[in-house]
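Trainee: One structure coming up, written as structure tokens, with questions to follow.
The values are calculated or read from the model by the stated rules, or taken from the named source; none is laboratory data. Note that this is a predicted model, so its numbers are computed, not measured. So basically every Cβ, Gly included, is an ideal-geometry build from the backbone, and we count neighbours across all protein chains shown.
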Amino acid sequence: MARFSRSKKYAPKSKPSLNAGLIHLFGMAVIGLNLSIPLSLWFTYDLLVQSSLNTDLATVHFQVFMEKNVLPDLLQDAERELSEWTEITAVQLIAPEQALTEFEHIAGIQPGNLTSLGAANPFPPVLTLETENQGQEALELIARRLQSQPGVAWVDYDAAWAQQSASFMRAFAFIIALLGALMAFATLLLVQHDIALTIRQQELTISLLLTFGASHRFIIRPLLRLGIRQTVGAAVLALLIAMIMRSIIAPVIHIWLIDASVSHLSFHDLSIIGAHWILIIFLAALAGTAGAEISAMRHLRRLEQGLRTN
């Protein structure tokens, strides 16, 4: 009897049939798509956090968005007047053409392609200002003074963006955690379903092994490998999708944060991204192992009870 617990010859076949293989691949794809949603949101959240960490809070950056049809003379007068304010330490004019060039560079668009297609330049003239952080009340006073200047459409600055984004970031983190927990639970259910399907297909073989005294660990070992392969493959698929989404979202976030006066934006390097991959794949392997073992042990007990009854 003991030879059945050591020999691989009598183990349940780990190579499923064609139909079962297609079902496992389909399950892997479903798990991967499910996991890609919280992963994409996590990467987006991580980009926002890393960007906010690079904000210099000692120096506040104002952005004064002028009206699109403002006259050049008025724009020059505004730049000259603002440079004379004692609160302002630096003034820089960003022309619409310069903003469009920056946008094309970040978005990977060939320079001049947008205007060559007849599209109008959507960017207004912008005056970027620097001042020392003298407190929220002083910053709000400067913002109101800037807003009252002729030709000014609206004014934004670092501290205002930070205040507005704080509650958003907390809600965003909660949504990611909730989706991650739901998708992890869904992953366990899908793995258990596929393992249960495999056991039903090999029920006769497994029943014979149980009859001849094979151990549970010997029987479920190939099922554990199947669960790990499925979740690790799904995690790799989800990470690839999330990285593609990250490459699309990163330029959008970069442009948005520039508009919100956040400077010196930097993203994670490859070593940190690699650490994310290792962590996600490790957690996926744990989920596959747990799901496969739970499902296998439940069905093995069912089969053993049936054998004792018969």
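Trainee: What are the residues in the range 200-232 that are of a type in the set (Gly, Ala, Ser) and surrounded by 19 or more Cβ atoms within 10 Å (Cβ to Cβ), if any? Don't jump to the end; show me each part of the working.
Mentor: Filtering the range 200-232 down to residues of a type in the set (Gly, Ala, Ser) leaves 207, 213-215, 227.
Within the range 200-232, Ala214, Gly227 qualify.
Trainee: Is it the case, given these coordinates, that Val155 is modelled with pLDDT of 85 or more, part of a strand (DSSP E or B) and either within 28 Å of Tyr45 (Cα to Cα) or among the small types (Gly, Ala, Ser) (or both)? Can you show your working first?
Mentor: Numbers: modelled with pLDDT of 85 or more: yes; part of a strand (DSSP E or B): yes; either within 28 Å of Tyr45 (Cα to Cα) or among the small types (Gly, Ala, Ser) (or both): yes.
Here the answer is yes, as Val155 does meet what is asked.
Trainee: For the range 78-89, name all the residues that are at pLDDT 85 or above, part of a helix (DSSP H, G or I) and among the acidic types (Asp, Glu).
Mentor: The one that is at pLDDT 85 or above, part of a helix (DSSP H, G or I) and among the acidic types (Asp, Glu): Glu81.
Trainee: Quick one: which of Leu75, Leu71, Leu18 is surrounded by fewer than 20 Cβ atoms within 10 Å (Cβ to Cβ), more than 30 Å from Gly213 (Cβ to Cβ) and modelled with pLDDT under 65?
Mentor: Leu18
Table: residues versus (1) closer than 24 Å to Glu203 by Cα; (2) crowded, with 16+ Cβ neighbours inside 10 Å; (3) at pLDDT below 80.
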residue: Ile241; (1), (2), (3): no, yes, no
residue: Leu257; (1), (2), (3): no, yes, yes
residue: Ala260; (1), (2), (3): no, yes, yes
residue: Leu265; (1), (2), (3): no, yes, yes
residue: Asp269; (1), (2), (3): no, no, yes
residue: Ala285; (1), (2), (3): no, yes, no
residue: Leu303; (1), (2), (3): yes, yes, no
residue: Thr309; (1), (2), (3): yes, no, yes
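Trainee: Let me ask something additional. For the structure I just gave you, tell me whether Ala99 is under 21 Å from Pro251 (Cα atoms), among the aliphatic types (A, V, I, L, M), surrounded by 14 or more Cβ atoms within 10 Å (Cβ to Cβ) and modelled with pLDDT under 80. Lay out the reasoning, then the answer.
Mentor: Details: under 21 Å from Pro251 (Cα atoms): yes; among the aliphatic types (A, V, I, L, M): yes; surrounded by 14 or more Cβ atoms within 10 Å (Cβ to Cβ): yes; modelled with pLDDT under 80: yes.
Criteria met by Ala99.
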